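The values are calculated or read from the model by the stated rules, or taken from the named source; none is laboratory data. Here the structure is a predicted model, which means the values were calculated and not measured. Neighbour counts are summed over all protein chains in view; Cβ atoms, including those assigned to glycine, are modelled from backbone coordinates with ideal geometry. What goes into the accessible areas is simple: the full protein's heavy atoms, side chains included, and nothing from ligands, DNA or RNA. Shrake-Rupley method; radii C 1.70, N 1.55, O 1.52, S 1.80 Å.
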Amino acid sequence: MSLYVFALLIGVIAGLRAMTAPAAVSWAAALGWLSLDGTPLAFLGFKYTPWIFTALAVVELISDQLPKTPSRKVPVQFGARVLMGGLCGAAIGASQGQLVGGLIAGVVGAVIGTLGGYEARSRLVKAIGGRDFPIALLEDAVAVGGAYLIVTSLA
């Protein structure tokens, strides 16, 4: 698959769960699956970075289940997803000298993931009678599983 497809897909994951994508990309960099040495994003592969992003991802997975969590479409939530999608897409691009192209693909993917994820979740919740919790868990599984598949494909 093309570098840009992977950058777009990791952006989609960021659109679903903002911190899952950077956690996965950071682990890929730390494990040597994604070469970021000599790039501005080399910090993603530093010793403690994957642990920090993983902790943030776990907090996000838990907080998403809370009833007072704002919609992913509010400006702060939307912006965080786009920012993380761009960061992760840029990292994938930078590994092959295409930082800007990866960044753009990651941002586009994050917008798709944010809006598409919202629509899919809303429709699935309605389809099962208004219960959000099982659909939120399904979305978590898709985000974590998808991120894993993407970064292992980079190895």
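Looking across the range 106-146 at every residue that is outside any helix (DSSP H, G or I) and not acidic (D, E), the one that is nearest to the chain's Cα centre (by Cα) is identified as R131. Note on the range 6-43: residues that are within 18 Å of G85 (Cβ to Cβ) and either of a type in the set (F, W, Y) or without any contact (Cβ under 8 Å) to a residue 24 or more places away in the chain (or both) amount to 3.
Screening V76 with (1) under 15 Å from the mean Cα position of the chain (by Cα); (2) surrounded by fewer than 23 Cβ atoms within 10 Å (Cβ to Cβ) gives one miss only, at (1). Looking at this structure, is R81 of a type in the set (K, R), modelled with pLDDT of 95 or more, part of a helix (DSSP H, G or I) and surrounded by 14 or more Cβ atoms within 10 Å (Cβ to Cβ)? Answer is yes for this residue.
In the range 1-31, the qualifying residues are those that are open to solvent by 60 Å² or more (accessible area, probe 1.4 Å) and not in a helix (DSSP H, G or I), and the one that is modelled with the lowest pLDDT is M1. Within the range 44-53, the set of residues being within 26 Å of T114 (Cα to Cα) and either touching a residue at least 40 places away in the same chain (Cβ under 8 Å) or surrounded by fewer than 18 Cβ atoms within 10 Å (Cβ to Cβ) (or both) comprises L44, W51, I52. Among the residues of the range 121-132, is any open to solvent by less than 30 Å² (accessible area, probe 1.4 Å) and in contact (Cβ under 8 Å) with a residue 40 or more places away in the chain? No - not one qualifying residue is present in the range 121-132.
Is it the case, given these coordinates, that G101 is small (G, A, S), closer than 17 Å to R17 by Cα and either in contact (Cβ under 8 Å) with a residue 60 or more places away in the chain or open to solvent by 70 Å² or more (accessible area, probe 1.4 Å) (or both)? Answer is no for this residue.
Residues that are open to solvent by less than 40 Å² (accessible area, probe 1.4 Å) and either modelled with pLDDT of 90 or more or assigned to a helix (DSSP H, G or I) (or both) within the range 64-73 comprise just one, R72.
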